[in-house]
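Quick notes on the structure that follows.
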Amino acid sequence: MALREAREANPRFFNYGGIVFWWDAFPEPLREAAIATGPQSNMHRTDYAGPDSCRECHQENYEQWSRHPHRHMNALATAETVAGDFSGEQTIHYLGGEASFYREADGFRMKLERDETRIVYEVRQTIGSRFFQYYVGRLIEGPFAADHAYRTTNHVLPFGYWLDRRQWVPVVHLGSEKPDGERDDPFAPPPHPREGENFTPYASNCSTCHTTFPLGDDLTRKPHQLAAHTPFRLHWNMADYFREAHPELWGDLEHPADLPTPEIDRLPQTLMEYEAEEHAVTLGVSCEACHLGCQQHARNPRRRPKFHPHSPHLLVQTNSGELEEGRTHQNLNWACARCHVGDRPRFAAGMSTWNSVEYSDAMLGSCYSQLKCIDCHAPHQATGPTWPRSPLEDDASCTRCHTQYQSADAIARHTHHPVDSSGSRCMNCHMPRINEGLQDVVRTHTIFSPTNAAMMEANHPNACNLCHADQPIDWTLEHLREWYDATFSEEAIATAYPHRDDPAAAGWMKSDYEPVRLVGADAACRAGSRELLPELIEMLDDPFLLNRQFTARGLEKMLDIRLDDYGYRFYMSPQERAGPLRLLRSKLLGSAGQPAP
């Protein structure tokens, strides 16, 4: 059935591709062509039982999940959940102001002071617990009226706690990261904040993935995300769902046709503002975020959960005319794709430069036509601070399908590196570390070739020079040509690499594109390239705070030093860090400006 035909029968129709919202009623041609998934449901609020109902029968999975970062993606701020130092003894000096963190009888406080300005926030929720913990709250003291958004809306607060370092730091990635002089000044919040720029309400911006809401709510809270990778086309009767699940929003409306089309948007917009504490299944990502509503299963374990959504308000179109409900490849991957998708800044080959949209990146390659996310990631078990699988186990994930590379001889012929060396590992070449994680550069989820012309010709990071950071691009091109008969546009190479004799990582650290600079510094530090110390020290003066943070961490590991011993902190202003950088150049480079022996 053509969508156009159905639209003629019901023009109040909102098409997101994988999901189509209908107002009033499903057109009869659609009912005849699609599969009805009701009358039982697993996506309404009353279908969800909560994680404690899983504990008795699934104790091992429950205990593993209890230690998983998903569980603690957000939580109410309590003595048990708050990991930051709110003793009142730690402060952070930033942009000429001072922030302090302390407890009062009724909770946790974040106080910002500069000159005559004094701002105090009440901390109400936590975000994360793996490498950093951020905080959500509201203003309780400061130069804004009682009805101002800072006082009435839970939003992300300006400082977070770095758990490894046990120190307070400015928050990052609340929007696009900006260079020095353009980042938000937390000591001077604008009187008219702009959502997504200098004001991040938690409910409408973060909670959609950090919290477990019924899937029926999520369809309208984040339709673009859910529609991107649905296993089948979903048709959703939006009006009937709101009438049944949210009578408080439906009000005294007698019939869907009575609501003018321009006012339909009011319902999902209001739903977006719902606070998780009152309306979610759980704060954090709990069992039913992936398994969907399991109330019936909890009451009768013989009724196994279905991995595909069901509702009287949902119709499905499939190519086969059949609905696959179990642990299929598509259903399992879509559980991850409901959150781990989105738009980020991109490298030349299309993969994102920073984390949390791993499924979007994975779909740029072809392997996920066979791969499932859980082939590499145990769904209930926390990854931990370091990747738990051995390189051999990682290789086995690839050679399970690419059987031609299972023998040692075949690996050596393919990689041109000794077997069991880092250069022989599948992921080092096909999933290199070019993605900005929370505190380290981590692997991209785009599986691609090290001969990718887009990356090479743009002077974006390539897998070869990530390990051989001290080698120039012509060294790399020669080996790729000899080993794989790979050729590239000489004109593009000449334009992108003005200093072809320099180490590739040195060129990356001088790139105009800040994600390339970050990966270049990381590659130089991981390779222990002391000859690149001049460039690395310059990266400590990069205009982007994140680049300075990652470089500082990598340089400290590489040289076994602490930069704060030199008076350097990555969040300093350009003027503040000038002195420490002079000292670092003197100590590490010497009078000639070259690495000291």
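Nothing in this text is a laboratory measurement; each read-out follows from the coordinates by a stated rule. Note that this is a predicted model, so its numbers are computed, not measured. Every residue, glycine among them, receives a Cβ derived from its backbone with ideal geometry; neighbour counts consider all protein chains shown.
Points worth noting:
- Of the residues Leu323, Thr270, Ser286, the one whose Cα sits farthest towards the positive end of the charge dipole of the stretch 246-380 is Leu323 (charges of +1 on Lys and Arg Cβ, -1 on Asp and Glu Cβ, taken about the Cα centre).
- Relative to the Cα centre, the charge distribution of the stretch 100-251, modelled as +1 at Lys and Arg Cβ and -1 at Asp and Glu Cβ, gives a dipole magnitude of about 400 debye.
- For the stretch 449-597, the relative contact order comes to 19 percent (Cα pairs under 8 Å, sequence separation of at least 6).
- Calculated FRET value between Glu89 and Ala408, using beta carbons and R₀ = 56 Å, to 0.05: 0.50
- Farthest toward positive dipole pole in the chain [+1 Lys/Arg, -1 Asp/Glu at C-beta], among Cys206, Gln404, Ala36: Gln404
- Averaging the sequence gap over all C-alpha pairs within less than 8 Å and six or more residues apart, then dividing by the number of residues, gives the chain a relative contact order of 14 percent.
- Kirkwood-type radius of the stretch 146-284, with distances r between different C-alpha atoms, in Å: 17.7
- Over 19 Å [Cα-Cα, the stretch 325-397], rounded percent: 43
- Free of any trypsin sites (Lys or Arg not before Pro) that DSSP assigns to a loop and that have at most 10 other C-beta atoms within 10 Å, the longest stretch within the chain is 303-561.
- Placing +1 on each Lys and Arg Cβ and -1 on each Asp and Glu Cβ, with no other charges, gives the stretch 449-597 a dipole about its Cα centre of roughly 760 debye.
- Cross-link partners for Lys510 among the lysines, with Cα-Cα distance under 26 Å and sequence neighbours closer than 8 places in the same chain left out: Lys178, Lys557, Lys587.
- Counting 0.36 nm for each residue step from Thr328 to Asp106 and taking away their Cα separation leaves a gain of 75.1 nm.
- Here the chain is assigned +1 on the Cβ of each Lys and Arg and -1 on the Cβ of each Asp and Glu. Its dipole about the Cα centre then comes out at about 1040 debye.
- Working note: Karplus 6.51/-1.76/1.60 with θ = phi - 60° gives the stretch 290-303 the couplings 9, 7, 6, x, 10, 4, 5, 5, 5, 6, 9, x, 6, 8 Hz, where Gly and Pro are set to x.
- The stretch 214-289-the stretch 455-504 distance, computed between alpha-carbon centres (Å): 50
- Total formal charge among the other residues, if their Cβ is under 10 angstrom from that of Ile473, Lys/Arg +1 and Asp/Glu -1: -3
- Mean-position separation - Cα centroids, the stretch 169-199 and the stretch 332-407, in angstrom: 32
- Positive contributions from Lys and Arg (+1) and negative ones from Asp and Glu (-1), summed over other residues with Cβ under 12 Å from the Cβ of Met427, come out at +1.
- Were the residues from Leu76 through Ala492 laid out at 0.36 nm apart, the gain over their Cα-Cα distance would be 144.5 nm.
- The label-point distance for Arg166 and Thr318, in a model that sets each label 7 Å from Cα toward Cβ, rounds to 5.5 nm.
- Each label point was placed 7 Å from the Cα along the Cα-to-Cβ direction; for Arg346 and Asp474 their separation is 3.3 nm.
- The residues neighbouring Gly17, those whose beta-carbon lies less than 14 Å from its own, together hold a net charge of +2 under the Lys/Arg +1, Asp/Glu -1 convention.
- Computed from the C-beta positions of Asp485 and Thr383 and an R0 of 35 Å, the FRET efficiency is 0.40 to the nearest 0.05.
- The chain, helix-only ellipticity at 222 nm - DSSP H runs n ≥ 4, -39,500 (n - 2.57), divided by all residues, nearest 500: -8500 deg cm²/dmol
- Shape call, the stretch 449-597: gyration tensor on alpha carbons, a/c limit 1.5: prolate
- Cross-link partners of Lys306 among lysines, defined as those whose alpha carbon lies under 29 angstrom from its own and excluding same-chain residues fewer than eight positions apart: Lys222, Lys372.
- Label-to-label distance, nm, for residues given as Glu277 and Arg118 (7 Å Cα→Cβ offset): 2.5
- Globularity index of the stretch 103-184, i.e. its alpha-carbon radius of gyration over 2.2 N^0.38 Å: 1.15
- Selected from His58, Tyr94, Val123, residue furthest toward positive end of dipole (the stretch 56-140; charges at beta carbon): Tyr94
- The per residue volume of the convex hull around the alpha-carbon atoms of the stretch 66-146 is 111 Å³.
- Two numbers describe the Cα atoms of the chain: Rg and Dmax, which are 26.4, 82 Å.
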